[in-house]
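Working notes, structure below.
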Amino acid sequence: MRVDIISIFPEYFAPLDVSLIGKARRKGLLDIRVHQLRDWTHDVHRTVDDTPYGGGPGMVMKPEPWSEAIDTVIGSAETPPRLIVPTPSGRPFTQEVALEYAKEPWLLFAPARYEGIDARVMAEYGARLRLDEVSIGDYVLAGGEAAVLVMVEAVGRLLPGVLGNAESVADDSFAPGAMASLLEGPVYTKPPVWRGHEVPPILLSGNHAAIARWRRDEALRRTAARRPELVAGLARKGLDKRDLEVLDDASFRFMPEDMAD
Ligand code: ADE
């Protein structure tokens, strides 16, 4: 997969040289190119922002450097990239979106600083290519760069060959499939007793079916406690008798509308 990032802080993306994503780049699985937006300015101050029309606090990113940068990166490509603009006013970035992006051959990220990018840039490129304005959560960052790091890591680990055999994306929290929409439960390693805390004995039993059931119980309990709205969404997909017992024991109560199809 090719990933281009245009930013006024190219140095912000140094973490993409490290660990899993760094390794994927060195293996040639991920081709990440970071560009300095100011390279597409033409004044001595390399200005990328200006005051907002209509007044108000802060500055707005000028359209010209962005359009020149995006046009240069895209060049004369027959199949242009998907353009992703991080913004707190975007659609939520979820595991489902990460899986969708992981299927793309080319992503172009345009993280903004200040109050955002002049909206005409989105109007222009929204008409020319697939454009998503996405938010990584209901909080406001100082700029889109950290959001790009989050998205590149979430997408990059899904690419074929990036995770080793030992790891798997199949039972991630939020992964589609059997454990869909359940949070992952607790995990343990050696020693079997640490500061008086024991590893749950079932995990040492060698009984794989019982371990799988225990893990599901724990996932249900944790999800009921931390994300009850996810459990409400599960009802339709069919929960077995034991699931319902565990949820009842965890004091989770379904609303009548959760049970409808
Ligand atoms: N830029 C600032 N806050 C953001 C957020 N929550 N998600 C994406 N981009 C952002």
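If you take the Cα atoms of the chain, find Rg, then find the Kirkwood Rh from the mean of 1/r over all pairs, what is Rg/Rh?
1.07
Check which residues have an amide H placed less than 5 Å from Glu133's amide H, if you skip close sequence neighbours.
Result for Glu133 returns Val85, Arg91.
Suppose we keep just the alpha-carbon trace of segment 74-193; what are its Rg and Dmax in angstrom?
For segment 74-193, the Cα-based Rg and Dmax read 17.3, 62 Å.
Work the Kirkwood hydrodynamic radius out for segment 172-261: mean of 1/r over every pair of different alpha-carbon atoms, inverted, in Å.
Every distinct Cα pair counted, the radius reaches 14.2 Å.
Might you work out the accessible area of His197 for me, using a 1.4 Å probe with all protein chains in place, and round it to the nearest 10 Å²?
For His197, the solvent-accessible surface is approximately 120 Å².
Mind listing which GluC sites (Glu not before Pro) in segment 1-101 are in a DSSP loop and have 11 or fewer other Cβ atoms within 10 Å?
Glu78
Along the Cα→Cβ direction, 7 angstrom out, place labels at Lys27 and Arg2. What is the inter-label distance in nm?
A separation of 2.2 nm, rounded to one decimal place.
Please state the shape class of segment 10-53: rounded when a/c is under 1.5, otherwise prolate if a/b exceeds b/c and oblate if not, all from the C-alpha gyration tensor.
prolate
For His35, what is the net charge nearby, where nearby means another residue's Cβ is under 14 Å from its Cβ and Lys, Arg count +1, Asp, Glu -1?
-3
What does the charge count near Gly143 come to, summing +1 for each Lys or Arg and -1 for each Asp or Glu among other residues with Cβ under 14 Å from its Cβ?
-3
Assuming 0.36 nm per residue, please report the length gained on full extension of the stretch Asp248 to Glu64 beyond their Cα-Cα distance.
The span from Asp248 to Glu64 would gain 60.4 nm if fully extended.
How much accessible surface area, in Å² rounded to 10, belongs to the heavy atoms of Leu141 with a 1.4 Å probe?
Around 70 Å² of this residue is reachable by solvent.
Does segment 197-243 come out rounded, prolate or oblate, given a ≥ b ≥ c as the square roots of the eigenvalues of its C-alpha gyration tensor, rounded meaning a/c under 1.5 and, failing that, prolate meaning a/b above b/c?
It is oblate, given that a/c is not under 1.5 and a/b is not larger than b/c.
Put one equal scatterer on each alpha carbon of segment 1-134, apply the Debye formula with no solvent term, and list log10 I(q)/I(0) at q = 0.13, 0.14 1/Å to two decimals.
Here the Debye-derived log intensity ratios amount to -0.59, -0.68.
Could you list the chymotrypsin sites (Phe, Trp or Tyr not before Pro) in segment 1-81 that lie in coil according to DSSP, counting only those with at most 11 other Cβ atoms within 10 Å of their Cβ?
Tyr53
What is the gain in length, in nm to one decimal, between Asp39 and Ser19 on full extension, counting 0.36 nm per residue of separation less the C-alpha to C-alpha distance?
4.3 nm
How much net charge surrounds Arg91 when only the other residues with a Cβ under 14 Å from the Cβ of Arg91 are counted, with Lys and Arg +1 and Asp and Glu -1?
In short, -3.
Do any trypsin sites (Lys or Arg not before Pro) in segment 9-41 lie in a loop, going by DSSP, with at most 12 other beta-carbon atoms within 10 Å of their beta carbon, and if so which?
Answer by residue number: Lys27.
The values are calculated or read from the model by the stated rules, or taken from the named source; none is laboratory data. Given the structure is predicted, the values throughout are model-derived calculations rather than measurements. Here Cβ is always computed from backbone atoms with ideal geometry, including for glycine, and neighbour counts include all displayed protein chains. Please note that ligands, DNA and RNA were not included when accessible areas were found on the heavy atoms of the full protein model with its side chains. Shrake-Rupley method; radii C 1.70, N 1.55, O 1.52, S 1.80 Å.
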